[in-house]
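First comes the structure, then the notes that go with it.
Any read-out appearing in this document is the output of simple, stated calculations on the displayed coordinates, not a laboratory observation. For clarity, every value in this text was computed on a predicted model and none was experimentally measured. Ideal geometry is used to build each Cβ from the backbone, glycine not excepted, and the neighbour counts take in all protein chains shown.
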Amino acid sequence: EHTPVTVIGLGAMGRALAAAFVAGGHPTTVWNRTPGKAKELVAQGALEAADLTAAIEASPLIVVCVFDEAAVRELLTPVGSSLAGRTVAMLTTFTPKSAVETSAWLAEQQAGYLGGAVMAVPDMIGTPGSQLFYSGPKDLFDTYHKPLELLGVSRHVGEDPGTSALYETALLSGMYAMFAGFQHGAALIGTGGVSATEFAGYAVPFVQAMATMLPLDAEFIDKGDYTTDVQSLEFNRSALEHIVHVSQDQGIGTDVPGLIMELMDRQIRAGHGADSATRMFESIKHPQG
Ligand code: NDP
């Protein structure tokens, strides 16, 4: 009753995925381009396939987790015919466009495709903090929901195979912007001799509190109406200008606050200074000519 699963790619993430399937009691076949990465998994109960074709033929569900899209193409193109009747769950980071193309190519091979996105680091796989998004045919997601759920909280987010990649990219955009903001702050406070470690202690609760305001931001964005009687774009722009000035005075870079100020300025120049600061969303959504 436990669906056999194959995991192709035993990098840091692939090994964590395979270990979760083994722990969940699924017959798990693994394969990696460079041999020698399966030892621990085999000790836990996984089967190491002799070659890629044998790995594919071992299971109806094939989880592919290699470095990037080019690696996937190089890997799967020569073995297309062995994929017939199977489903590929793509847990390699993909663009929405490549997901759609790969899904169409697999359909020609009589194979199914589920786009996937792992929002976790390898150590988190199989814990409640791990989130995964899937897109593509809902019936395929339902068929393999049980093994996929072993990796973390799994959600089907749409029939378009590229949608899960959009979710992944959107969440990562927010993550990188948050880290850049923290690093700017660390550079600034560092000019006063304060360590980044001490700073992190104050930044974590502050950022967590600020994060609870994201739904308010979302309300403005979804309404497309930025009318507000509290803190306006002009008000927030002066806060950004202050950050830029202090950064200059302390001799550090102004790229991070400077970029945000520019996004605000574009809206102010267009006459929207009295609106909510969330209006800078429009500067991002509609790039300049
Ligand atoms: P690693 O660098 O640890 O492993 C890369 C894997 O890809 C190795 O198994 C490598 O095989 C294989 N590979 C690379 N090129 C080829 C190729 N041309 N043909 C066949 N196999 C190839 O990466 P991760 O495991 O960390 O990441 C894998 C995917 O998971 C990536 O797309 C990544 O974006 C995604 N991901 C990773 C996260 C993380 O925190 N690590 C988080 C979320 C997503 P070999 O051993 O032979 O070199």
VAL100 - would you say it is within 12 Å of the ligand (Cβ to nearest atom) and buried (at least 16 other Cβ atoms within 10 Å of the Cβ)?
no
Those residues of the stretch 267-286 which are hydrophobic (A, V, I, L, M, F, W, C) and surrounded by fewer than 18 Cβ atoms within 10 Å (Cβ to Cβ), in sequence order:
ALA270, ALA274, ILE284
Give the residue that is nearest to the ligand (Cβ to nearest atom), with candidates limited to residues of the stretch 122-143 that are over 20 Å from LEU166 (Cβ atoms), in contact (Cβ under 8 Å) with a residue 24 or more places away in the chain and not polar (S, T, N, Q).
PRO122
I need every pair where a residue in the stretch 6-17 that is of a type in the set (D, E, K, R) has its Cβ under 9 Å from the Cβ of a residue that is more than 7 Å from the ligand (Cβ to nearest atom) and part of a strand (DSSP E or B), sequence separation at least 6 or different chains.
ARG15/VAL7; ARG15/VAL30
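Residues checked against (1) surrounded by 12 or more Cβ atoms within 10 Å (Cβ to Cβ); (2) out of contact with any Pro (no Cβ under 9 Å at 6 or more places or on another chain):
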| site | (1), (2) |
| --- | --- |
| LEU150 | yes, yes |
| ARG155 | yes, yes |
| THR169 | yes, no |
| PHE182 | yes, yes |
| GLY201 | no, yes |
Scanning the stretch 24-55 residue by residue, those out of contact with any strand residue (DSSP E or B) (no Cβ under 9 Å at 6 or more places or on another chain) and under 14 Å from PRO122 (Cβ atoms) turn out to be GLU40
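Residues that are away from the ligand (no atom under 16 Å from the Cβ), surrounded by fewer than 23 Cβ atoms within 10 Å (Cβ to Cβ) and not hydroxyl-bearing (Ser, Thr, Tyr): list the strands (runs of 3 or more DSSP E) wholly contained in the stretch 1-97 that include at least 1 such residues. Spell out how you get there, then give the answer.
Working: elements: 5-8, 28-31, 61-64, 87-90.
Strands (runs of 3 or more DSSP E) meeting the threshold: 61-64.
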